Structure formats: structure tokens, C-alpha cells
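Okay, so here's the structure we're looking at.
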Amino acid sequence: MTTDPTELALDFDEIRDVTVIGAGPVGLCTAFWAGMREASVRVIDSLPELGGQLTALYPEKWIFDVPGHPRVLARDLVELLREQALDQFDVPVHLGTTVSTISWEGSAGADRVVVLHTDSGELRSRAVIVAGGHGAFEPKKLMGFDMTPWEGRGASYVVGDKSEFEGQRVMIVGGGDSALDWVLNLLDVASSVMLVHRREGFRAHELTVSQVLAAAERGEVDICVPFQIGSVSGNGQVERVRLFNSHDETDEIDLDVDAILLQLGFKTALGPLKDWGFEVVKGSIVVDQLMRTSLERVWACGDIATFDGKLKLIATGFAESAIAVAQAVHEIRPEVRIQPAYSTNTGVPGVVAGQP
């Protein structure tokens, strides 16, 4: 993995075979498939870290539907993908870099180049694969009360490492899967956990809801519904929260709190990509069965892509990335077969055949 600023600056002078937009799990897998096809590749992402949503939203959460892993922490999956894709093939990774527009240079055939115009310069490649997850995303803010003054002072939307809540009195706000998952994940870390939701019902998976309710019955969790945050106080840091009943605002509760974890979901958008000329349906880029978009030499895969029968899973995104890479490499080098050789026979290019 290449992240040295000097080396990355030189990459702006290179024409790569493939540029991958998005450094989430599917983007990293795309870089791996490109390396396996002996295509030169780079990765670009507007976020400052690898992993996309896995890193930005739930690095400490378990993932149970990645084949070969009965369960794996999101951050550990990102690390494994980094090792498999970026380190093995020494891939340049431009983090904190946003692509604004796209253009094309050269005549048809081998000389045709796709140009991505970024806030750091122009990146050229023979093909582009968009693997940007849901696109640009950010956590949803709390409705009815402005938490901005307390963000970074005890209030947070994302958990980088759950050890930061060690021994703290944590209030989790939300009623969906993420909120209830974090209730369970922090039971062995926080000194106390409270779940606050403005409605009485929860939107989380039934099993998770039952586990949280069981923990509440054992006295391990306090559930406060239907209540909302009315005010927050503290000397430079969250110390106390006043809640009010959603049905009767005169019904109030004052609580001593060290941390507020807001788990209200997130909103997504295509960002600058929406103006590139893609065919877009419900915020997703339309692709055909070859993962080809409506733009020349641009493919898409993962959650950002849509087609009839689409399943938004990490596992299917991995498969889509293999198809996108195979098609892209075949288009820029027609002599290359679409079907890749089996890794059990070839090993990893640049590594002793058949050896790890």
C-alpha cells in the first residue's frame, strides 16, 4: 500500500489501467481483482481512512455474513482486505481526495484515457470502477435538539474504539439496529448503559430487541421510552441530560451521563457523481449484467450499483467487483481472457506460485 505523499504525487503523472473510486470493502476487493489480473491500479476515496462505512460508522461491530468468517469485526475485515489487496500489489491509495468531474482523452482503443478531476489534481487511467458504497454519507443528526455544541465533548455519532467508553455512564439514542447493537456491545465496557428512544417500538431485528429486553430485565440496561433529549449540561463536557416524555413534555427525567452515543442512521448521496451523466435510479448507478455503466469505460459495483435482482450485501459486492474488473481489463487489453485463471494454479502475481 502506497500512502507516502511524495510517491502519491508521482502517481498523478501515471496512467494506470484501473482507478477504483471507493476504499470500502468492495473497493478494496476490486483492487485485489485488478492485481490478480496484473492490471496496474490505484484507489481513491474522499474519507481520511480505509474501510468506508465499516470504519466510519461501525468498526467495532461484528459482521456475520462474509463467507469464510463465522463472524469478523468490521475493522478486522478492513485490515485483512488491506493486506490482501493493497499490500500485496503495492497499490497507491489517495485518501481524503474527492473526485469532482470526469472527462476523456485520446482516440478510441488503447490510447483512450479516462480523466478524474480531483481536489488534488488529475488522475488518468484506462478504466474506472466506481465502488463507492452508498456514495457520500454522513450520520443523521438528532431531531428537535441541536447536539452540535456537545459533539466531541461527550456526544458522538461514530464509535472508533469501544474502549473509549470504559467505565462511563453511556446514553445511547435511537431505536434501530445500530442503537440496539451498541447497547449489547457496551455492556462489558461501560459502567452503565441507557437506551433512549422517542417511540415505544424498536426498528431493530427481533432477535436483537429480545436480547436488549432480556438485558433490561436482568438490570443491565435502562430503557427510557418514549423519551427525547430536552437539554444537555456540563462544564465543557457532557455531565447531565434532561429527557422529556414524547407524549407529555411536563414529564421530565434528569440523568447523570458521561457520554451520549447518537445512533440515528445515516443519509447518503451520490455527491458529485450525480452530475457525471450516469443513468441513476433511486440514488444508485444503473449497470448492466457486465457491471458496465452508461459512461464510456466506467463500471460500477457494490451498493452504489443497481440492476434487476440486486442484493446489497458485502458478499455480492465482492462478486460484482470480480465481474467489473474482468470486463474492464478485457476491454483495455482485448487479448486478455475474461475468465481469470484459478489462483490455486497461479498463486498471486509477483509471489511464488501457489504459495501464501
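Just one of the listed residues (D275, D256, D303) is in contact with a helix residue (DSSP H, G or I) (Cβ under 8 Å, 6 or more places away or on another chain), among the acidic types (D, E) and touching a residue at least 60 places away in the same chain (Cβ under 8 Å), namely D303.
Could you list, in sequence order, all residues of segment 1-22 that are touching a Gly at 6+ places or on another chain (Cβ under 6 Å) and either acidic (D, E) or open to solvent by less than 10 Å² (accessible area, probe 1.4 Å) (or both)? The answer is V20, G22. Residues that are of a type in the set (A, V, I, L, M) and open to solvent by 50 Å² or more (accessible area, probe 1.4 Å) do occur in segment 121-137. Before we move on, is L187 without any contact (Cβ under 8 Å) to a residue 40 or more places away in the chain, in a loop (DSSP other than H, G, I, E, B) and touching a strand residue (DSSP E or B) at 6+ places or on another chain (Cβ under 7 Å)? Against the criterion (without any contact (Cβ under 8 Å) to a residue 40 or more places away in the chain, in a loop (DSSP other than H, G, I, E, B) and touching a strand residue (DSSP E or B) at 6+ places or on another chain (Cβ under 7 Å)), L187 qualifies.
Taking the stated definitions as given, is Q263 touching a residue at least 40 places away in the same chain (Cβ under 8 Å) and loosely packed, with under 15 Cβ neighbours inside 10 Å? No, not satisfied. Looking at segment 260-271, can you tell me whether even one residue there is touching a Lys or Arg at 6+ places or on another chain (Cβ under 9 Å) and within 30 Å of E296 (Cβ to Cβ)? Looking for residues that are touching a Lys or Arg at 6+ places or on another chain (Cβ under 9 Å) and within 30 Å of E296 (Cβ to Cβ), one finds none in segment 260-271, hence no. Regarding segment 294-302, can at least one residue be identified that is open to solvent by less than 10 Å² (accessible area, probe 1.4 Å) and small (G, A, S)? Looking through segment 294-302, at least one residue is open to solvent by less than 10 Å² (accessible area, probe 1.4 Å) and small (G, A, S). Identification of strands (runs of 3 or more DSSP E) wholly contained in segment 251-295 with 1 or more residues that are more than 30 Å from S321 (Cβ to Cβ) yields 252-256, 259-262.
The values are calculated or read from the model by the stated rules, or taken from the named source; none is laboratory data. Every value quoted in this text rests on a predicted model; they were computed, and no experiment measured them. In this analysis, Cβ positions are derived from the backbone assuming ideal geometry, glycine residues included, and neighbour counts consider all displayed protein chains. With ligands, DNA and RNA removed, areas are computed over all heavy atoms of the protein, side chains included. Shrake-Rupley method; radii C 1.70, N 1.55, O 1.52, S 1.80 Å.
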